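Visitor: So that we are looking at the same thing, I have put the structure below in structure tokens.
Coordinate-derived values only; no laboratory data. Small disclaimer: the values here were computed from a predicted structure and weren't measured. A quick note on method: Cβ atoms are made from the backbone with ideal geometry, for glycine too, and the neighbour counts reach across all protein chains shown.
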């Protein structure tokens, strides 16, 4: 165990460790899905317009297509109606065409007057003399939204309803997305008992399994493959890790990662040929966290077993790595909040402190008894990270427990 730890790279911050770790982790492959299946998925290829948007000059109003120079006439006949979805008829001199929103504007027209601004008869209109009509009024010009053959969506974005609407508008029926990242969790520890079983006072209920499932299971770009429990036995742990790594792209592990006599995870990862990128970082909670990758670029993240440490490090390290694997390159900037009940406590570590989110980008610290205090943690919405040797109200980077 000591030789494994002494050979690891050291990093001064979580961001340094993550940046180096991601260099060893591969993105998942791509697949093609229908637009009905694309919501929440990660776009894998750039999208270009197939034609201008709009594809022709169209009316922005229900009304009448006119030549401005014809408006000197007191009354103008309605020569025809522009049928939406069809080529427009010619606009005769000293006449108007009835048109509806989205109808193609004839080349001879240079404005559209809303019908509520004119006096309508059965087959003619009268335009008030004092009505101001400007060139191009109520006409959406061809290509004003976008020209043809330009990139309108970059690979790496999450597909939401607005982006899917745009895909349909540029003629996309099936879209290339990254496959969902298959992710599983191993819970280690002889003392850890699932909620389905009876418990004694010297055992602990598994909260890490449900907590991490809650973080990752509902994410549309993750395929959550479930939770498995192993006792503190190196051979059983080795077999389970090998079996699951053959079935998934990313493996989370809780427990067995510290310095105890039965903390076998670093040794097991070495036995399966995984490369440990970091182990033990200057953070609280979660100092023993371990990030690794196997020889095919699959992610392995071993988290401390204490519930607060496990959830915090999973959110901080696991989300970053899984986003990388999923092909996400358009991640939002980490928000910052100010702490209204800040104190003067300082650590020489990067300190993740649970907070309750308030209004106007503010929050308040949640008092906690340490990395095993899941009761206090339940009152928080996420955590802020306070750099070493600092304190005060911030603003500090804020990480909500839930992810997009």
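Visitor: Show that you can apply the helix-only estimate: for the chain, add -39,500 (n - 2.57) for every DSSP H stretch of four or more residues, divide by all residues, and state [θ] at 222 nm to the nearest 500.
Guide: -4500 deg cm²/dmol
Visitor: Assign one of three labels to segment 197-317, namely rounded, prolate or oblate, based on the Cα gyration tensor with a ≥ b ≥ c the square roots of its eigenvalues; rounded applies when a/c is under 1.5, prolate when it is not and a/b is larger than b/c, and oblate otherwise.
Guide: Verdict is rounded for segment 197-317.
Visitor: Please arrange 11, 317 by how many other C-beta atoms lie within 10 Å of their C-beta, fewest to most.
Guide: On the way: 11 20, 317 25.
Ascending Cβ contact count within 10 Å gives the list 11, 317.
Visitor: Over the Cα atoms of segment 58-140, each weighted equally, I'd like the Debye log10 I(q)/I(0) at q = 0.11, 0.16, 0.23, 0.27 Å⁻¹, rounded to two decimals.
Guide: Here log10 of I(q) over I(0) equals -0.22, -0.48, -1.06, -1.53.
Visitor: Pull out the extension gain between residue 51 and residue 275, defined as 0.36 nm times the separation in residues minus the alpha carbon to alpha carbon distance; nm, one decimal.
Guide: Stretched fully, the residue 51-residue 275 segment lengthens by 75.8 nm.
Visitor: Enumerate the residues in segment 86-100 having an amide nitrogen under 20 Å from the point lying 7 Å beyond the Cα of residue 124 toward its Cβ.
Guide: Those under the cut-off are 91-99.
Visitor: Starting with the fewest neighbours, write out 179, 243 ranked by other beta-carbon atoms found within 10 Å of each beta-carbon. The partial results should precede the final answer.
Guide: Working: 179 20, 243 12.
Listing 179, 243 from fewest to most nearby Cβ atoms yields 243, 179.
Visitor: Kirkwood hydrodynamic radius, computed over distinct alpha-carbon pairs, for the chain: how many Å, to one decimal?
Guide: When all Cα pairs of the chain are included, the Kirkwood radius is 25.4 Å.
Visitor: Something else about it: Compare the peptides 209-218, 154-163 by average per-residue count of other Cβ atoms within 10 angstrom and give them in order, highest first. Show your work: numbers first, answer last.
Guide: On the way: 209-218: 17.3, 154-163: 15.2.
Going by the mean number of other Cβ atoms within 10 Å, highest first, we get 209-218, 154-163.
Visitor: According to a simple spin-label model (label point 7 Å from Cα along Cα-to-Cβ), what is the distance in nm between residue 202 and residue 235?
Guide: Roughly 2.5 nm, to one decimal.
Visitor: Let me ask something else about it. Fewest to most neighbouring Cβ within 10 Å: what's the order for 151, 244, 122?
Guide: With the fewest neighbours first, 151, 244, 122 line up as 122, 151, 244.
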